[in-house]
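The values are calculated or read from the model by the stated rules, or taken from the named source; none is laboratory data. This one's a predicted model, so the numbers in the text were calculated from it and none came from an experiment. As a convention, Cβ positions derive from the backbone with ideal geometry for all residues, glycine included, and neighbour counts pool all protein chains shown.
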Amino acid sequence: MMFFGVADSTFILVLIGVVISLIASSKVRSTFHKYSKVASRSGLTGAEAADRILQREGIYDVNIQHVSGDLTDHYNPIKKTLSLSDATYASKSVAAIGVAAHECGHAIQHAKGYAPLKFRSTLAPIASFGSSISWFLILAGLFINNSSSQLLINAGIIAFSLAVLFQLITLPVEFNASSRAMAILERDGMLYGEEVRQSRKVLSAAAWTYVAAAAASILQLLRLILISRRRR
């Protein structure tokens, strides 16, 4: 079946998405690595900065924990845990403090009922299911040559669209968390002068990975629509 083969002209859209994602991933890793070597004047570790931010924001029910891995930092709104990775938890760098503050930004969003975060949390299981079943439906539609084939393909595209929607709603959530983080770090004096700019570079690079993921998903969706039209 040439719809998903290299000979398919729409495959270029997938390649563009891959290149965009690789560039964004490389940028965030190189930027984080660069500023992970710059020690902050406050002397705070990522975990200490996170604890201070949460305390000052009146958030006392979020548990800060260490998680293994590289740049695996995340906030879990269901368990109310803020997980900081190997390069963040005990590091005193401006990069670590910026990333820790960003995750605190999500905890603050959760505490204040930030609407896009609530919508993303509601959409997450639906988008996950849609993403997992979409390819099965599309492939079934491509291989089954009867009146139901186009219905299956269309259902698969709709299911995949939910995953794309999740990627899009993630953008304002991530940008807002970074904005909150930088405002707090500067306001409370956890970073000084040039350190603020350096930390902002780390968070900006990280934000572009979400933009790249959204762009790749949109390109994949466009490819599926083109394949569907060609099938007709």
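Just a few scattered comments:
- Tabulated pairs, region 75-100, first at positive phi, second in a helix (DSSP H, G or I) and surrounded by fewer than 24 Cβ atoms within 10 Å (Cβ to Cβ), C-beta under 9 angstrom, 6+ apart or interchain: Lys80/His110
- In the set (1) within 22 Å of Arg120 (Cα to Cα); (2) in a loop (DSSP other than H, G, I, E, B); (3) touching an Asp or Glu at 6+ places or on another chain (Cβ under 8 Å), the condition left unmet by Leu71 is number (3).
- Only one of Ala24, Ala49 that is under 20 Å from Ala207 (Cβ atoms), within 21 Å of the chain's Cα centre (by Cα), surrounded by 15 or more Cβ atoms within 10 Å (Cβ to Cβ) and in contact (Cβ under 8 Å) with a residue 12 or more places away in the chain: Ala24
- From the list Ser134, Ser179, the lone residue that is hydroxyl-bearing (Ser, Thr, Tyr) and either more than 24 Å from the chain's Cα centre (by Cα) or buried (at least 21 other Cβ atoms within 10 Å of the Cβ) (or both) is Ser134.
- In this structure, Val196 does satisfy being over 17 Å from Ala127 (Cα atoms), free of Cβ contacts under 8 Å to residues at least 24 places away in the same chain and either among the hydroxyl-bearing types (Ser, Thr, Tyr) or touching a helix residue (DSSP H, G or I) at 6+ places or on another chain (Cβ under 7 Å) (or both).
- Residues located in region 52-65, provided they are in contact with a Leu (Cβ under 9 Å, 6 or more places away or on another chain), closer than 20 Å to Tyr192 by Cα and either assigned to a loop (DSSP other than H, G, I, E, B) or not β-branched (Val, Ile, Thr) (or both): Arg52, Leu54
- Val173 being touching a Leu at 6+ places or on another chain (Cβ under 6 Å), under 21 Å from Ile225 (Cβ atoms) and touching a residue at least 40 places away in the same chain (Cβ under 8 Å): no
- Residue selected from region 104-151 under the condition in a helix (DSSP H, G or I) and among the aromatic types (Phe, Trp, Tyr), by the criterion nearest to Ile184 (Cα to Cα): Phe119
- Leu191 meets all of the listed conditions (1) over 21 Å from Lys118 (Cα atoms); (2) modelled with pLDDT of 90 or more; (3) in a helix (DSSP H, G or I) but one, namely (3).
- Ser204, sole failed condition from (1) surrounded by fewer than 21 Cβ atoms within 10 Å (Cβ to Cβ); (2) in contact with a Phe, Trp or Tyr (Cβ under 9 Å, 6 or more places away or on another chain); (3) not hydrophobic (A, V, I, L, M, F, W, C): (2)
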